[in-house]
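Structure, as structure tokens:
The values are calculated or read from the model by the stated rules, or taken from the named source; none is laboratory data. All figures in this text were calculated on a predicted structure; none of them were measured in a lab. FYI the Cβ positions are ideal-geometry reconstructions off the backbone, even for glycines, and counts take in every protein chain you see. Heads up: the accessible areas ignore ligands, DNA and RNA and are worked out on the full protein's heavy atoms, side chains in. Shrake-Rupley method; radii C 1.70, N 1.55, O 1.52, S 1.80 Å.
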Amino acid sequence: MSNEPVLTVEALHASIAGQQVVEDVSFSVPPTGITALLGRNGVGKTSTLRAILGLISRTGAITLAGERIDGMRTHRIVQRGLGYVPEDREVFSKLTVAENLTLAVRQKSPRYELVDSLFPDLVARRSQAAGTLSGGQQQMVSLARALLNDNTILLVDEPTKGLAPKLVADVTVALEEASHLVPILLVEQNLEVVKKLAGGAIVLSGGRVVHTGVATEILADEALTHRLLGVGSATGGAAI
Amino acid sequence: MSTLVLVLITGAGLGALYFLVASGLSLIYGLMHVLNFAHGAFLTLGAFIGWEVARRLDTATWSTFFVSILVGGAVGAAFAALTELALIRPLYERHIEQVLVTVGLAFAAVALYQGIWGSDPIYIDSPPWMLQTTDVLGALVPNTYWVLMLAATALLASLVIFLRFTRYGTIIRAGVENRWMVTALGIDVRRAFTVVFAIGGSAAGVGGVLAGHYTGYVSAYLGSSLLIFAFIITVIGGLGSLTGAAIASVLVAVLQQFANYYLGGTGDIIVVVLLAVVLLARPAGLLGRAS
Ligand SMILES: Nc1ncnc2c1ncn2[C@@H]1O[C@H](COP(=O)(O)OP(=O)(O)O)[C@@H](O)[C@H]1O
Ligand SMILES: [Mg+2]
């Protein structure tokens, strides 16, 4: 089995409305398991993902499974197999659950079985408007949209944000199962979830990569996590 | 009593004509955030070409009428799709420039129409039935109004079906909510832009042919005069809301007819007053989303 990275990012710069939000970010994501992208609020994690997708203007070299994608437009990049689960779910609230899912389908036989087994809650709610779902259910719709297709990699941004502990556990299980099928780059503020799921970790600060390593080792280093993530053992380590 | 009935029915008929123009404006704005000032040009071209075709056929028959409707719709759709591809698309995401280019096109088109067809109104023939009246509770309603209402109802029904049951329809509804998320699902949302322009243009083209039969003539200014009311209607209904546009079309037209009959021809002023009242009470329009 090849150990070539599935995604590499080199010297990525990105700006929003003329303001630099990602400065010279370089990292690579291995072809298996979950890699965490960590950092305090506002360091540019979401912007990094949006820059990879071409949703904000960027420069730098981005390679997906050996192919340069930094000159492509967003829909082409996604068609190349990059699945995106954005921060704040971004379901189409006036569309039904079924419509949200159908819209996301890019292949002949979408993985509805997988999605239904991971998110049984959604099965009976297919014809409900997505905007009337709970936050947790909306997150499931958002994850399901990406999991219906056979992707090369998933970029998942804070999937447990604002969820009750029970739902955090559900989402964690779903991500764990999904990670057996597809590598995931995961932005996550809940460090308990990171400990459970992530192999490698990349830490951003001030729009740059300041640390890369094994997730559990980084999280075990109190001084480091305190300095880079703004948390320590005294605060319980995670924002549950 | 019969005057009241007449005012209501003619108001609804005029509203139907407004809706043929306003529906496209509303769809285009909802998806693309572009106020399309060239919409009147689509309408006028539909009217002229519809008439050009009709006069080469047997002018006053139903079949000629239907052919000219179809031609008007096709011409409007083609002109609108071309406008999107050639002028709007290269200015992707630059909304102010996009609006300016539609303003420029509107002026240029009127000048071109004047050059080809002259500045004077060209009087046209309608099927004889459309020039007759029907007695409704004592009110003699010109039959043109029924045709207008039928056309607008058919348009509304097909738009609703299209938006609800086709893939492009779903893409358009999703895009109205959150356009970048549509692209992040791997969908080229720009194709949907061309589609809404074509749909809006075809409704305007059909509206142009019908407006000709409603006023009894076609002229280079047909579109511009209707466009002003259509804009007011889209704002009152809530920019981007199709249902809002439908309700506002009838509301504006009925009010306009009322004022014209009962308040000494002040219909146009009343419409502007209504616009001001709605904007003060509900800045996003009747069914618009607050943003
Ligand atoms: N739409 C925006 N307009 C202007 N600045 C923004 C916008 N979105 C994010 N930023 C800025 O970009 C920086 C990085 O934000 P973000 O990528 O969302 O960080 P994170 O996801 O790590 O919390 C922050 O300083 C934030 O204020
Ligand atoms: Mg973020």
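With +1 on the Cβ of every Lys and Arg and -1 on the Cβ of every Asp and Glu, and nothing else charged, how large is the dipole of chain A about its Cα centre, in debye rounded to the nearest 20?
Charge dipole, chain A, about its Cα centre: 620 debye, nearest 20.
Work from the charge dipole of the stretch A:7-229 (Cβ charges, +1 for Lys and Arg, -1 for Asp and Glu, about the Cα centre) and give the residue of A:SER205, A:GLY33, A:SER93 farthest towards its positive end.
A:SER93
Please give the FRET efficiency for A:HIS180 paired with A:GLU67, using the beta carbon to beta carbon distance and R0 = 25 Å, rounded to the nearest 0.05.
Values: r = 24 Å, r/R0 = 0.96.
So, using R0 = 25 Å, E works out to roughly 0.55.
How many nm separate the modelled label positions at B:TRP129 and A:ALA164, each set 7 Å beyond the Cα in the direction of the Cβ?
Here the answer is 6.2 nm between the modelled labels.
Which one, A:TYR84, A:VAL194, B:ALA86, projects farthest toward the positive side of the charge dipole computed for the protein assembly as shown from Cβ point charges (K/R +1, D/E -1)?
In the protein assembly as shown, that residue is B:ALA86.
Between A:THR102 and A:HIS13, what is the FRET efficiency for a Förster distance of 35 Å, r being their Cβ-Cβ separation, to the nearest 0.05? It would help to have the intermediate numbers written out before the result.
On the way: r = 36 Å, r/R0 = 1.04.
The computed FRET efficiency comes out at 0.45.
Could you work out which residue, out of A:ALA61, A:ALA124, A:ALA201, moves most in a Gaussian network model of chain A, that is, has the largest mean-square fluctuation with Cα springs under 10 Å?
Checking each option, the largest mean-square fluctuation is seen for A:ALA124.
Nothing charged except the Cβ atoms of Lys and Arg (+1) and of Asp and Glu (-1): what's the magnitude of the dipole of the protein assembly as shown about its Cα centre? Round to the nearest 20 debye.
240 debye
Set Lys and Arg Cβ to +1 and Asp and Glu Cβ to -1, take the dipole of the stretch B:2-281 about its Cα centre, and tell me which of B:PHE165, B:VAL136, B:LEU242 lies farthest positive.
B:PHE165
What distance in nm separates the simple spin-label points at B:THR243 and A:VAL173, each placed 7 Å from Cα in the Cβ direction?
Output for this residue pair reads 3.8 nm.
Mind checking the stretch A:155-202 for GluC sites (Glu not before Pro) that DSSP puts in a loop (not H, G, I, E or B) and that have at most 13 other Cβ atoms within 10 Å?
none
Hey, got the dipole for the stretch B:2-281? About the Cα centre, +1 on K and R Cβ, -1 on D and E Cβ, debye to the nearest 20?
The dipole of the stretch B:2-281 has a size of about 640 debye.
Tabulate in residue order the Karplus-calculated ³J(HN,Hα) for the stretch A:15-25, using 6.51 cos²θ - 1.76 cosθ + 1.60 with θ = phi - 60°, rounded to whole Hz; enter x for Gly and Pro.
Once θ is set to phi - 60°, the couplings for the stretch A:15-25 become 9, 10, 6, x, 9, 5, 10, 10, 10, 6, 8 Hz.
What is the set of long-range amide H partners of B:GLY240 at a cut-off below 5 Å, with H atoms built 1.01 Å from backbone N?
Residues meeting the amide H criterion: B:GLY30.
Just how much of B:TRP129 is accessible, in Å², when a 1.4 Å probe is used and the result is rounded to the nearest 10?
Ignoring ligands and nucleic acids, B:TRP129 comes out at about 100 Å².
What is the gain in length, in nm to one decimal, between A:GLU222 and A:SER93 on full extension, counting 0.36 nm per residue of separation less the C-alpha to C-alpha distance?
42.3 nm
Using the Kyte-Doolittle scale, find the helices of chain B whose mean hydropathy is at least 0.0 and whose Cα atoms extend 20 Å or more along the helix's long axis, counting only whole DSSP H runs.
What comes out of the filter, once short or polar helices are dropped, is B:2-32, B:39-56, B:62-83, B:95-117, B:144-165, B:189-215, B:222-237, B:242-262, B:267-281.
For the protein assembly as shown, what proportion of DSSP beta bridges, expressed in % and rounded to the nearest 5, is antiparallel?
65 percent
How well do other chains shield peptide B:94-106, expressed as the mean number of their Cβ atoms within 10 Å of each residue Cβ?
0
Once the whole set of protein chains is in place, how much accessible area is left on B:SER158, using a 1.4 Å probe, in Å² to the nearest 10?
My reading of the accessible area for B:SER158 is about 60 Å².
Just checking the output field for B:171-184: average partner chain Cβ neighbours within 10 Å of each residue's Cβ?
6
How much mean residue ellipticity at 222 nm does the protein assembly as shown get from its helices, if each DSSP H run of length 4 or more adds -39500 (n - 2.57) and you divide by all residues, to the nearest 500 deg cm²/dmol?
Mean residue ellipticity at 222 nm (helix-derived): -18000 deg cm²/dmol.
For peptide A:79-88, what's the mean number of Cβ atoms from other chains within 10 Å of each residue's Cβ?
2
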